[in-house]
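Colleague: Below is the structure I would like to discuss, written out as C-alpha cells.
The values are calculated or read from the model by the stated rules, or taken from the named source; none is laboratory data. Bear in mind the structure is a predicted one, so any value in this text is a computation, not a measurement. Cβ: placed from backbone, ideal geometry, glycine included. Neighbour counts: every protein chain shown. These accessible areas exclude ligands, DNA and RNA; they are computed on the full protein's heavy atoms, side chains included. Shrake-Rupley method; radii C 1.70, N 1.55, O 1.52, S 1.80 Å.
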Amino acid sequence: MDLTPILNGFGVVLEPANLLYCFVGVIIGMLIGVLPGLGPGATIAILLPLTYGIGPVPAIIMLAGIFYGAQYGGTITSVLLRLPGEASSVVTVFDGFALAKQGRAGTALGIAAIGSFIGGTVSILGLTLLAPIVAGFALDFGPPEYAALGVLGVLLISSVGNGHKLKAIIAACVGLLLATVGRDTFTGAERFTFDSLNLAEGIDFVPLAMGLFGLSEILYNIEERHNQVHSPAKVGNVWPSRKDLGQSKGAIGRGSLIGFFLGVLPGGGATLSSLAAYAFEKRRAKRPERFGRGAVEGVAAPETANNAAATSSFIPLLTLGIPANATMALIFGALLIQGIQPGPQLVAQHPDVFWGVINSMYIGNILLLIMSIPMVGVFVRILRVRPAILAPITVLITLLGAYTVNNQVYDIFLVIVFGLLGYLMKKLGFEPGPLVLAFVLGSMIENSSRQSLLIFGGDPTGFFTRPISGTVLALVLLVAVLPLIRPLISPLISPLISKAVRRRGPAGEPAGHADDPVEENTR
C-alpha cells in the first residue's frame, strides 16, 4: 500500500486553517449534542451556506467534526438528565442515568469518552485501509452500476431505517419527485415548474435541507420541550477506576467492530449500532439483570459503537457516492456545492479532500478526548438554558443563512415551506431522512438510468447482463420482496424457535422479559 497519499493528507490537515476548522467542528458538534433535539443533521443543514465561503477541504473537515463530535455530546444529557441529546444515545440512558443516580455520573462520562475515542480510532484505521480498496474496485462502475446503486441506497434507507416502513417509502418517493422539478437535463423541457422562473432551475438542496432539518426541528422541539425543566445530576470524578476499565474493555472492543460494520450499511448508522452493541452485551453477560441498573458495559458498548459507526459511514459516501444516512446526504450535498462529486474518482481527482477528511478524524478524535472531560462543567451550565431562548436565535440564523446563498427572498420562502413540511412530517410519524436522501440521489438515478438505456438501445434487461449492476439489482429485489414474504415465513419458523427456547431451560432468558430496558423503551 502506497503511504504517500496518506502522509500528504496529514500535511493537509496540519495546515493551521484546516486545524482550526477541525477544532471548530468538534466544538460545535459537542455543543449541539448537549442541546437535546437539534442534532448534527439540523446543524449541518443550517451551516451549509457557510461552506460557500471556504474551500472544500476545511468545509468538509468542519462538517465531519460536527457529525462525530455530536455523538459524544449527546451522552452528557443522557447521563445527567435521562434525556438523549441524540437518537444514537437513547440506550446510554438506561445505565448512564442509573450510574448518575448512584453518584457515579463522572464514571459514566469518563467511560463514554474513552470508548468513543477507541471506537472512533479503530473505525478510522478501518476507513484508511478499506476506503481505497473499495474506491479502486468501484472504478469499473459505469452508468448502469451507479443507477443500480442509487436505487439500492434509496430502498435500503427506506426499509432499514427507523420508523414505519411504508411512511419511509412514501417520503422517499416524495424526494424522488422533488428531484425531477426543473428543466430536463436531456431535452430541456420544464417539469413541474408551474411556469415559475424560480423553479426552472430546480429546487436548491440548501433551502430544502435547512427547512426539513433545521427549521422543522426547531419548531418541533419548541412544542415538545417548552414546559420541561431539568436539573442535571452532579458530576464527581470523571476518571474511571481499574475495575470499571476492566469490565468495559471487552464491550469497547466488540462495540468498535459492531459499529464499524453496521455504520457502512445504508440505513444502519450510529443509532442501530448502539442498539445492537447494547443488546449483544446484555445477551452475552453472565448477569444480564445488571443492565439497566448501572452496568458500565451498558455505557461503554453503545457509546463506542455509535462513534465507530459515525466514522465508517463515510466509506460508502467517499468511495461510492452513496450516503449511508440522512446526515451523510447533507455532507454529500455540501461536496456537490463545492463542485466535487463523491465517488470512485474522488481519490484520484481530489486526494486532498479524500485523505484530508479521513486524516482530520484522527486529530478530531484526540481533541474530543482532551476536551470532553474538562468541559463537562461548561456543558452542564449550557443545559440550564431554556430552549425558548435558543430557538428564536437559531431561526434567525437559519433564515439569514438561506438568504445569503443566492441573495434571494425566494430561498427564505422555500426554507419556511420545507420547515412546515418537515414539522408536519414529524407530527405524522414521517422521517425527513429518506426524503432528503432520495432527493440527493434522484438526479444520479435518473441521469444514470437514461444514459444506460441509451447504451443498451432502450433494452432495460441490459442492467441484468452486467455482473455488478445485475448483482446490485438482485439485492434490490431481495430487499423489496423480503418484507412481503416475511409474514409467510414467520408461522413456519416460530414453532422451531419456540422448541429451541424450551430446550435451553431456565438459563435462557425469554425475549420479552419485563426487566429488559430495550423492551421497555420499545413499548
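Colleague: Just wondering, is there one or more residues in the stretch 396-408 that are farther than 19 Å from Asp204 by Cβ and within 22 Å of the chain's Cα centre (by Cα)?
Modeller: Within the stretch 396-408, none of the residues are farther than 19 Å from Asp204 by Cβ and within 22 Å of the chain's Cα centre (by Cα).
Colleague: Let me ask something else about it. Can you confirm whether the stretch 201-213 contains a residue that is out of contact with any Phe, Trp or Tyr (no Cβ under 9 Å at 6 or more places or on another chain), at pLDDT 80 or above and of a type in the set (A, V, I, L, M)?
Modeller: No: the stretch 201-213 contains no residue that is out of contact with any Phe, Trp or Tyr (no Cβ under 9 Å at 6 or more places or on another chain), at pLDDT 80 or above and of a type in the set (A, V, I, L, M).
Colleague: Identify all residues within the stretch 249-277 that are of a type outside the set (A, V, I, L, M, F, W, C), in a helix (DSSP H, G or I) and at pLDDT below 85; write none if there are none.
Modeller: Correct list: Gly263, Gly269, Thr271, Ser273, Ser274.
Colleague: Right, something else. Could you say which residue among Val385, Val417, Val378 is surrounded by fewer than 19 Cβ atoms within 10 Å (Cβ to Cβ), hydrophobic (A, V, I, L, M, F, W, C) and at pLDDT 80 or above?
Modeller: It is Val417.
Colleague: Among the residues of the stretch 90-141 satisfying the criterion of being among the polar types (S, T, N, Q) and over 18 Å from Glu303 (Cα atoms), which is most open to solvent (accessible area, probe 1.4 Å)?
Modeller: Out of the qualifying residues, it is Gln102.
Colleague: If you don't mind, there's one more thing I want to ask. Considering only helices (runs of 4 or more DSSP H) fully contained in the stretch 45-163, which possess at least 3 residues that are out of contact with any strand residue (DSSP E or B) (no Cβ under 6 Å at 6 or more places or on another chain) and modelled with pLDDT under 75?
Modeller: So the answer is 56-81, 105-138, 143-160.
Each row is one residue, and each column tells you yes or no for (1) assigned to a helix (DSSP H, G or I); (2) small (Gly, Ala, Ser).
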site: Ala391; (1), (2): yes, yes
site: Val395; (1), (2): yes, no
site: Thr404; (1), (2): yes, no
site: Asp411; (1), (2): yes, no
site: Ile416; (1), (2): yes, no
site: Tyr423; (1), (2): yes, no
site: Lys426; (1), (2): yes, no
site: Gly429; (1), (2): no, yes
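Colleague: Scan the stretch 182-209 residue by residue and report those that are farther than 21 Å from Leu335 by Cα, in contact with a Gly (Cβ under 9 Å, 6 or more places away or on another chain) and not small (Gly, Ala, Ser).
Modeller: Once the filter is applied, which keeps residues that are farther than 21 Å from Leu335 by Cα, in contact with a Gly (Cβ under 9 Å, 6 or more places away or on another chain) and not small (Gly, Ala, Ser), the stretch 182-209 yields Arg183, Glu190, Arg191, Phe192, Thr193, Leu199.
Colleague: Sort out which residues of the stretch 431-451 are touching a helix residue (DSSP H, G or I) at 6+ places or on another chain (Cβ under 8 Å) and open to solvent by 60 Å² or more (accessible area, probe 1.4 Å), and write them in order of number.
Modeller: Listed by number, the residues that qualify are Glu431, Gln451.
Colleague: Test of understanding: among Leu492, Leu428, Leu482, which residue is surrounded by 10 or more Cβ atoms within 10 Å (Cβ to Cβ) and either at pLDDT 60 or above or of a type in the set (Asp, Glu) (or both)?
Modeller: Leu482
Colleague: For the stretch 164-218, enumerate the residues that are under 28 Å from Gln451 (Cβ atoms), surrounded by 19 or more Cβ atoms within 10 Å (Cβ to Cβ) and among the acidic types (Asp, Glu).
Modeller: Asp204
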